[in-house]
There are 2 protein chains.
Amino acid sequence: MTRSHEAMANAFIPGKVMLPPETEQLIARRDRLLGPAYRLMYDEPLHFVRGEGAWLIDAAGRRYLDAYNNVTSLGHCHPTVVAAIAEQAATLATNTRYLQEGILNLAERLLATMPQGLDRMMLTCTGSEANDLAFRIANSATGGSGVIVTETAYHGITDAVAQFSPSLGVAVDLGAHVEIIPAPCALTEGEGGFGIAIEAAIARLRRRGIRPAMLIVDTMFTSDGVWPGPTGFLAPAAAAIRQAGGVFVADEVQPGFARTGEAFWGFQRHGVVPDIVTMGKPMGNGYPVAGLAIGADLVEDFGRNARYFNTFGGNSVSCAAAQAVLQVIEDEGLQENADRMGARLVSGLAALSQRHALLSAPRGAGLMIGVEIRRDGGPDRMAAAAIVNGLRREGVLISSCGKDQNVLKIRPPLIIGSAEVDQFIETLDRVLEGLQ
Amino acid sequence: MTRSHEAMANAFIPGKVMLPPETEQLIARRDRLLGPAYRLMYDEPLHFVRGEGAWLIDAAGRRYLDAYNNVTSLGHCHPTVVAAIAEQAATLATNTRYLQEGILNLAERLLATMPQGLDRMMLTCTGSEANDLAFRIANSATGGSGVIVTETAYHGITDAVAQFSPSLGVAVDLGAHVEIIPAPCALTEGEGGFGIAIEAAIARLRRRGIRPAMLIVDTMFTSDGVWPGPTGFLAPAAAAIRQAGGVFVADEVQPGFARTGEAFWGFQRHGVVPDIVTMGKPMGNGYPVAGLAIGADLVEDFGRNARYFNTFGGNSVSCAAAQAVLQVIEDEGLQENADRMGARLVSGLAALSQRHALLSAPRGAGLMIGVEIRRDGGPDRMAAAAIVNGLRREGVLISSCGKDQNVLKIRPPLIIGSAEVDQFIETLDRVLEGLQ
């Protein structure tokens, strides 16, 4: 069986390299206290004590350009969000069993970013909980249980959601009600390819007597290796699952909140309207808040009968944090910045790919970018790991993804500036020089 | 089918009473934005804008004694916790894929409250996620899937956990792998009664070819109606599930963190050592943080193979909040205060029960107290609802629980003082007078 740290791209592997004594001690203490389920990143794990803007600062005072963390999308410790959290935490922090205006103002503002038909908002704490709730609602609304996902998809870690998150590795069983389809890379060449794969998956479910409940995709296919286009390929996919009586869930936990530059939500790039949109990670710039948008009809049956109460989901402080995030994205023009800085990054990467044989042409949208590392015509996982760890040694943080773990996963905060983008490209250039 | 707002004790039922126009408008706006799954409490829902100590303040400036909220156990907006959150949020808010000392310090301190053998800590955001993770680990460690719970138990709202939370009502199906047993009320009279019920449930699972994975109980049986004793009855229960190859999970989401006064954790009152202890609600005094304690051996298989990463679980700010909570409990002697104030409350309630026929003798431990409302020898759900709503009109917040929804559920914050306890008793006295 594949060991879990092999299944996870860029996992720290104990014993692989010599570590400073302070790091060894922290790791030993961590193993003793947190046990074996926790993974660190990089050959030499990092110990951070402070963050600001696009930067993380380690215990020795060294600064790292954080081009990986898509939670603190507005930059680490954004003062507007910090102030909103502090103020609300000092005023009232209670739950949805009481009337409060904050959650209503937030829902109104979030729903205004959605297409018509997605007119109800539900709040959870984590993206996992949002996808778990989407599954429960899809169950209730369709009477089915079948789930279709891409082969290296990641949707979360509750029991139900882990069963449709194949990227967790073979040690976590897929559910008997789960069918996987290839990532869109192989499927988008022909006309309607992705839709055809979904039809085949539906047929496999049906052959086993399982009624389809939902197709769920990260609309940028992040852990599948970042597959931004051609835009539009999601439309036949959504049509196919609906035709079979299931619903189409857009998992926007990673692409959402302006990251793709072109649009506020990843699905909007494809001109498709999902039945459910789940969201999380950057929603509170680090504060635990997540949720979903859904149409009134779809949630009717579940809502009337099952009810939903999440003690911390939609609590007063989470709503204040999420409101502040939306305000900052607007005030600082961050969707536009993601678009401009993403273009600058892609153009720098494209230039590097002309000079470095390992680097394929970049692909992405806004500040969600993937670059394949290939050698002799095939994916080169080891070289990708060497680049990720080389960058880390040079003070730049990214990771890798994809079925073959050979895709550099680059997702800087939305506030990144030109100088930082240029520094990223220069550092990558230097690391690649060192490898060849 | 029972409608969900009937299944939920103390749910607001639209149309039951006339409401002020401002309340009607907020409810209408809420229905339009959040949909039908959300429930409010009380015949006249409350709109809060501020909290301090044991008090919640509504939009008109009226103060309510919060004798119900077991999340903000240190009192609303406790300045030490608010300051810890604000400071850490302004410094660093990142995840467990990097080394950080905060999470290690927290784990060390939490594990120091546990008996020997519970030596690993895992962090989640919600109690639901903690119970979901406990189920995944129990699955992995035992090779079984069978779950045993009490008949009105509540353990959370993920798909897996809702399947073993019968208090959600008949609209939420129990899993085919779930067996329910009566609340301990009927079972603790005979020698080892609770253990015998569990043996019978194990036999029912086995008859259907289901291997037992876990027995999970809220160690104060809160939603079952608050069953504090006789202490010790959990020991044969734990023995029975272990004998069958399963594990014993103590759900301390409600009883934990000094609430029971006598002990820091509810299970300690029973002199039993659980295999897994889950925790949540008051852990961050409102900040979303939860988790579990477990033995190294039990988590070994799951941890090595499945790994666990929760984006917000164990984030820097959650650890700072939870550390502050532990510090305040110690500095302010809150376990002792829960013990003393709980005794004062119980003695006041006992005196009232002598004068008001509706009120049975109170039962509880520390500041987790239940009082049955009975008439003509049977449970009186309507009278319990009238008392809960009568108290709310008089500015005191509690709710009800139990299979028959006739148990007053009283759980003030741990910081409550004598004057507030006396005010509670006086108000209840007045409300009971008004009913008779």
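The values are calculated or read from the model by the stated rules, or taken from the named source; none is laboratory data. What you see is a predicted model, and the numbers here were worked out from it, not measured in a lab. Positions of Cβ are backbone-derived with ideal geometry, glycine not excepted, and every protein chain shown enters the neighbour counts. What goes into the accessible areas is simple: the full protein's heavy atoms, side chains included, and nothing from ligands, DNA or RNA. Shrake-Rupley method; radii C 1.70, N 1.55, O 1.52, S 1.80 Å.
Listed by first and then second residue, the pairs linking a residue in the range A:92-119 that is more than 9 Å from chain B (Cβ to nearest Cβ) to a residue that is at pLDDT below 95 and open to solvent by 20 Å² or more (accessible area, probe 1.4 Å), with Cβ atoms under 8 Å apart and 6 or more places separating them unless they lie on different chains, form an empty list. Checking each residue in the range B:49-76 for being at the interface with another protein chain (Cβ under 7 Å from one of its Cβ atoms), surrounded by fewer than 22 Cβ atoms within 10 Å (Cβ to Cβ) and not aliphatic (A, V, I, L, M) picks out only B:50. Between B:369, B:398, B:387, B:373, the distinction of being within 30 Å of residue B:107 (Cα to Cα), within 22 Å of the chain's Cα centre (by Cα) and β-branched (Val, Ile, Thr) belongs to B:369 only.
Quick check: is even one residue across the range B:183-203 in contact with an Asp or Glu (Cβ under 7 Å, 6 or more places away or on another chain) and open to solvent by 10 Å² or more (accessible area, probe 1.4 Å)? Within the range B:183-203 (the criterion being in contact with an Asp or Glu (Cβ under 7 Å, 6 or more places away or on another chain) and open to solvent by 10 Å² or more (accessible area, probe 1.4 Å)), the answer is no, since none of the residues qualifies. So, residue A:146, is that one more than 14 Å from every other protein chain (Cβ to nearest Cβ), closer than 23 Å to residue B:132 by Cβ and either buried (at least 24 other Cβ atoms within 10 Å of the Cβ) or in contact with a Lys or Arg (Cβ under 8 Å, 6 or more places away or on another chain) (or both) or not? Here the answer is yes, as residue A:146 does meet what is asked. The set of residues in the range A:299-328 that are in contact with a helix residue (DSSP H, G or I) (Cβ under 6 Å, 6 or more places away or on another chain) and of a type in the set (Phe, Trp, Tyr) contains only A:302.
When residue B:136 is tested against (1) modelled with pLDDT under 95; (2) of a type in the set (D, E, K, R); (3) open to solvent by less than 30 Å² (accessible area, probe 1.4 Å), just one condition goes unmet, and that condition is (1).
Scan the range A:231-256 for residues that are farther than 25 Å from residue A:412 by Cα and not in a helix (DSSP H, G or I) and the total you get is 8. For residue A:263, the conditions (1) of a type in the set (A, V, I, L, M, F, W, C); (2) touching a strand residue (DSSP E or B) at 6+ places or on another chain (Cβ under 9 Å); (3) assigned to a helix (DSSP H, G or I) all hold with the exception of (3).
Go through the range B:77-91 residue by residue and tally those that are open to solvent by 30 Å² or more (accessible area, probe 1.4 Å) and either more than 10 Å from chain A (Cβ to nearest Cβ) or over 17 Å from residue B:329 (Cα atoms) (or both).
Number of matching residues: 5.
Taking the options A:171, A:176, A:83, A:93, name whichever one is assigned to a helix (DSSP H, G or I), among the small types (Gly, Ala, Ser) and either more than 21 Å from the chain's Cα centre (by Cα) or at negative phi (or both).
Selected residue: A:83, the only one of A:171, A:176, A:83, A:93 that is assigned to a helix (DSSP H, G or I), among the small types (Gly, Ala, Ser) and either more than 21 Å from the chain's Cα centre (by Cα) or at negative phi (or both).
Residues to consider are A:396, A:346, A:371; find the one that is open to solvent by 10 Å² or more (accessible area, probe 1.4 Å) and either more than 18 Å from residue A:64 (Cβ to Cβ) or at pLDDT 95 or above (or both). One residue alone meets the criteria, A:346. All conditions in (1) surrounded by fewer than 23 Cβ atoms within 10 Å (Cβ to Cβ); (2) in contact (Cβ under 8 Å) with a residue 24 or more places away in the chain; (3) more than 10 Å from every other protein chain (Cβ to nearest Cβ); (4) more than 30 Å from residue A:162 (Cβ to Cβ) hold for residue B:21, with the sole exception of (2).
A search for C-beta distances below 7 Å between a residue of the range A:155-175 that is more than 14 Å from residue A:136 (Cβ to Cβ) and any residue that is open to solvent by 20 Å² or more (accessible area, probe 1.4 Å) and among the acidic types (Asp, Glu), counting only pairs 6+ apart in sequence or on different chains, returns A:166/A:151. Within the set A:432, A:428, A:414, the sole residue that is open to solvent by less than 10 Å² (accessible area, probe 1.4 Å), at pLDDT 95 or above and under 25 Å from residue A:153 (Cβ atoms) turns out to be A:414. Looking at the range B:231-242, can you tell me whether even one residue there is open to solvent by 10 Å² or more (accessible area, probe 1.4 Å), in the same structural domain as residue B:178 (by TED's automatic domain parsing), in contact (Cβ under 8 Å) with a residue 40 or more places away in the chain and touching a strand residue (DSSP E or B) at 6+ places or on another chain (Cβ under 7 Å)? Scanning the range B:231-242, I find no residue that is open to solvent by 10 Å² or more (accessible area, probe 1.4 Å), in the same structural domain as residue B:178 (by TED's automatic domain parsing), in contact (Cβ under 8 Å) with a residue 40 or more places away in the chain and touching a strand residue (DSSP E or B) at 6+ places or on another chain (Cβ under 7 Å), so the answer is no. Looking at the range B:304-336 only, could you name the residues that are open to solvent by less than 20 Å² (accessible area, probe 1.4 Å) and of a type in the set (Val, Ile, Thr)? Matches in the range B:304-336: B:317, B:325, B:328, B:329. Do we have any residue at all in the range B:9-16 that's basic (Lys, Arg) and within 22 Å of residue A:310 (Cα to Cα)? Scanning the range B:9-16 turns up no residue that is basic (Lys, Arg) and within 22 Å of residue A:310 (Cα to Cα). Would a scan of the range A:264-272 turn up a residue that is crowded, with 24+ Cβ neighbours inside 10 Å, more than 19 Å from residue A:182 (Cβ to Cβ) and within 14 Å of chain B (Cβ to nearest Cβ)? The answer is no, given that none of the residues of the range A:264-272 is crowded, with 24+ Cβ neighbours inside 10 Å, more than 19 Å from residue A:182 (Cβ to Cβ) and within 14 Å of chain B (Cβ to nearest Cβ). Take the residues in the range B:162-171 that are at the interface with another protein chain (Cβ under 8 Å from one of its Cβ atoms) and crowded, with 23+ Cβ neighbours inside 10 Å, then tell me which one is modelled with the lowest pLDDT. Residue satisfying both the conditions and the ranking: B:168.
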